[in-house]
Amino acid sequence: MRIHVVDHPLVAHKLTTLRDKRTDSPTFRRLADELVTLLAYEATRDVRTEQVDIESPVTATTGVKLSHPRPLVVPILRAGLGMLDGMVRLLPTAEVGFLGMIRNEETLKAETYATRMPDDLSGRQVYVLDPMLATGGTLVAAINELIRRGADDVTAICLLAAPEGVEVMERELAGAPVTVVTASVDERLNEDGYIVPGLGDAGDRMYGTAG
């Protein structure tokens, strides 16, 4: 597994405002959307392309276009939905699947409650969206499901990561074709399984605490 921490002043600036507990939900959603687009730019450096011949207004030339099958973007519900627009803004022709997972707050293990993805992902590059790589359980479960369906290149895009979660993914997904792109690897997890200093519960910060 590879991990790439995006080192850029704009990333650090937006992340600082996301961390601030005074940032309201509308501002949080907007900044998360902008931050995801910056992370997605780095995450798609190895997106698969194929050569194409075109005519410019001046002459014939050669360029590239996204290969088939198109990439698949999979937000993990619910918080991952807040990252979707920022991702498809960069990859508007990508297909979108959905994976509903929730962390059991007692066991800290991920439980699946909904899926909407192709059964066969053979040859597909998949981009998984999950704001927080905390314990790692949710992403490990999600990525194992994608690999089980045939995905051979999975990139997880996270706003933040904890060292413990990174360690779990490296152990559980050893040898798997997985890359993690994040704005920061923070200090640690606290006793409740939250990232420190982190930014709190990303879903609640984006959408409130309803439900």
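The values are calculated or read from the model by the stated rules, or taken from the named source; none is laboratory data. Every value quoted in this text rests on a predicted model; they were computed, and no experiment measured them. Neighbour counts run over all protein chains shown; Cβ positions are idealised from the backbone, glycine included. These accessible areas exclude ligands, DNA and RNA; they are computed on the full protein's heavy atoms, side chains included. Shrake-Rupley method; radii C 1.70, N 1.55, O 1.52, S 1.80 Å.
Remarks
- Some residue of region 76-93 being of a type in the set (D, E, K, R) and assigned to a loop (DSSP other than H, G, I, E, B): yes
- Test: residue 206 is under 22 Å from residue 25 (Cβ atoms), touching a residue at least 12 places away in the same chain (Cβ under 8 Å) and either outside any loop (DSSP other than H, G, I, E, B) or in contact with a Leu (Cβ under 9 Å, 6 or more places away or on another chain) (or both): yes
- Residue 75 meets each of the listed conditions (1) open to solvent by 60 Å² or more (accessible area, probe 1.4 Å); (2) under 25 Å from residue 11 (Cα atoms) apart from (1).
- Checking residue 58 against (1) among the aliphatic types (A, V, I, L, M); (2) in a loop (DSSP other than H, G, I, E, B); (3) closer than 22 Å to residue 118 by Cα, the condition it does not meet: (3)
- Contact map, region 9-32: residues that are among the small types (Gly, Ala, Ser) paired with residues that are surrounded by 11 or more Cβ atoms within 10 Å (Cβ to Cβ), Cβ distance under 6 Å, separation 6+ or inter-chain. Pairs shown: 32/82.
- Residue 160 vs. criteria open to solvent by 10 Å² or more (accessible area, probe 1.4 Å) and out of contact with any Phe, Trp or Tyr (no Cβ under 9 Å at 6 or more places or on another chain): no
- Among the residues listed as 20, 53, 33, the single one being surrounded by fewer than 15 Cβ atoms within 10 Å (Cβ to Cβ), out of contact with any Ser or Thr (no Cβ under 8 Å at 6 or more places or on another chain) and of a type in the set (Asp, Glu): 20
- Residues located in region 139-151, provided they are of a type in the set (A, V, I, L, M) and either open to solvent by 20 Å² or more (accessible area, probe 1.4 Å) or not in a helix (DSSP H, G or I) (or both): 141, 147, 151
- Restricting attention to region 6-53, the residues being outside any helix (DSSP H, G or I) and among the basic types (Lys, Arg) number 4.
- Members of region 152-191 that are part of a loop (DSSP other than H, G, I, E, B), more than 15 Å from the chain's Cα centre (by Cα) and in contact (Cβ under 8 Å) with a residue 40 or more places away in the chain: 173, 174, 176
- Test: residue in region 125-135 that is in contact (Cβ under 8 Å) with a residue 60 or more places away in the chain, out of contact with any helix residue (DSSP H, G or I) (no Cβ under 8 Å at 6 or more places or on another chain) and either of a type in the set (Phe, Trp, Tyr) or part of a strand (DSSP E or B) (or both): yes
- Members of region 104-124 found to be outside any loop (DSSP other than H, G, I, E, B) and surrounded by fewer than 17 Cβ atoms within 10 Å (Cβ to Cβ), listed by number: 111, 112, 113, 114, 115, 116
- Per the conditions (1) among the aromatic types (Phe, Trp, Tyr); (2) within 18 Å of residue 31 (Cα to Cα); (3) within 16 Å of the chain's Cα centre (by Cα), the sole criterion not satisfied by residue 127 is (2).
- The conditions of being open to solvent by 40 Å² or more (accessible area, probe 1.4 Å), touching a Lys or Arg at 6+ places or on another chain (Cβ under 6 Å), modelled with pLDDT under 95 and over 16 Å from residue 159 (Cβ atoms) are not met by residue 26.
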